[in-house]
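The values are calculated or read from the model by the stated rules, or taken from the named source; none is laboratory data. Fair warning: this is a prediction, and the values are worked out from it, not measured in the lab. Glycine also receives a Cβ, built like all others from the backbone with ideal geometry; neighbour counts cover every protein chain displayed. Remember, those area values only see protein heavy atoms, side chains included, never the ligands or the DNA or RNA. Shrake-Rupley method; radii C 1.70, N 1.55, O 1.52, S 1.80 Å.
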Amino acid sequence: MEKELGNILIIDDDEDVLFAAKMLLKKHAKNVIIEKNPKKIPFLMNNDTYDVILLDMNFSKDITSGKEGFYWLEQILERDPKAVVILITAFGDVEMAVRALKEGATDFVLKPWQNEKLLATLNTAVKLKKSYKEVDQLKSAKKQLEEEINQPFKEIIGESQAIKDVFKIIEKVAQTDANVLILGENGTGKELISRAIHTQSHRKDNVFVGVDMGAITETLFESELFGHKKGSFTDAKEDRTGRFEVANKGTLFLDEIGNLSMPLQSKLLTVIQNRQVTRIGANKPVNIDIRLVCATNMPIYDMVEDSTFRQDLLYRINTVEIHLPSLRERLDDIPLLAEHFVKTYSSKYRKSGKKIGAAALKKLQKYHWPGNIRELQHAIERAVIMSDESSLTPDDFFFLNHKPEGQSNDQENTFNLDEVERNVIKKAIDRHDGNISKAAKELGLTRASLYRRLEKHGL
């Protein structure tokens, strides 16, 4: 053991015992403090903390009864209820030592002790003390977390009327089990809203499970959401619990639900209606009790008209709808958001004291933010990293500058297919003043296909 025992306090009126103990333990402890006068215990405890206290049971005033030992044990535990106290006692005092254990002592050692046994006892005691500290830290962390959770909408920054309207809806719907559909552009904070609903609900002590539906392939859909039994298909090497089962008693958040194909929509609808899932390869369904929150940035009502999204599924998932405003609709919140992100990334990249100037904020409020809050967050992060000044200026956001109309764009000369597709789609939408139906018709696409490409290119 190398300095594993931390701070050790030894109280015994026998100087030989103190000397022997210190010589043994100084190789294994950070500090070994010895004291022959037990009356100094209050002073010693007020001035330092100890991982273990070794306390003699009998002192010169009362050689055999152990009363002094019990008295000082009580005094130690009164000052520190979680103090780890090991009693030093003679062989004939074992019965008295057992009584002391009942009164709060951690263990006892017999005089004369065996060095290895004493070290083993101390090592165990130090681990116990460490566990006490960890429990206290966990309790403090839990209390702080609960206090933060109980602050409504703490993670959602904004004071504009548009976001306040969203808060009002959350307050009304959170305590119910109504299914919620969150609509809004990419980067508006749909997952944050879903988590706010969960933390304000009666399910807040249970799990929140988020699933990006756009990232799940058709072949893995059932396995991911409903689970499977071992051997049910080639790669099923063990049983797997699906996301619906994992979210039981809690909240299940299905993001980008507009990306699901019609066959997958049908399977999802069946599960939502029956409140049961059946794992692949299993015969017996499993009952589920979840709060369902879904989200999409796609025009889901237009998709219903185009027969690319099931109307009955839409009815199931949108008992209550929340429309998240774009950042363009809440420009008054940009200063608050910007200051929050500056503080976050200044801390992350060790650039303390960095601020954002009024001119820079004015520039941010004039920008159209197609990527919404997520784009603002990335812009601030980049500016914090690159800036050497204490205050961010408009020049730190040069990459947000608009190109003057008519100025040539190097992207127009690109042969990258993704860039070509993006530019053509953008031109078609601009030509038709944002009319998706007309743009889709000119591009030879369905509305749903165009929406998927708009999402892909961040338009």
Accessible-area order (highest first, 1.4 angstrom probe) of the listed residues D177, D388, D80: D388, D177, D80
Surface accessible to a 1.4 Å probe, D418 within the full protein complex, Å²: 80 Å²
Length added when fully stretched, D235-L459, from 0.36 nm per residue minus Cα-Cα: 76.9 nm
Accessible surface of the chain, 1.4 Å probe, proportion on carbon and sulfur as whole %: 49 percent
Solvent-accessible surface ranking, highest first, for K354, K237 at 1.4 angstrom: K237, K354
Surface accessible to a 1.4 Å probe, I33 within the full protein complex, Å²: 40 Å²
Rounded to 5, the percent of DSSP beta bridges in the stretch 8-84 classed as antiparallel: 10 percent
Radius ratio Rg over Rh of the chain, counting only Cα atoms, Kirkwood formula for Rh: 1.18
Amide H within-cut-off set for A236, under 5 Å, with H built and near neighbours excluded: G231
Cα centroid separation, the stretch 289-350 to the stretch 1-33 (Å): 62 Å
With at most 16 other Cβ atoms within 10 Å, longest stretch of the chain clear of loop GluC sites (Glu not before Pro) (DSSP): 239-388
Cα centroid of the stretch 250-265 to Cα centroid of the stretch 86-136, whole Å: 59 Å
Loop-located trypsin sites (Lys or Arg not before Pro) in the stretch 10-83, at most 15 other Cβ atoms within 10 Å (DSSP): K26, K27, K30, K61, K82
For the stretch 189-345, convex hull volume per residue from C-alpha positions, Å³: 151 Å³
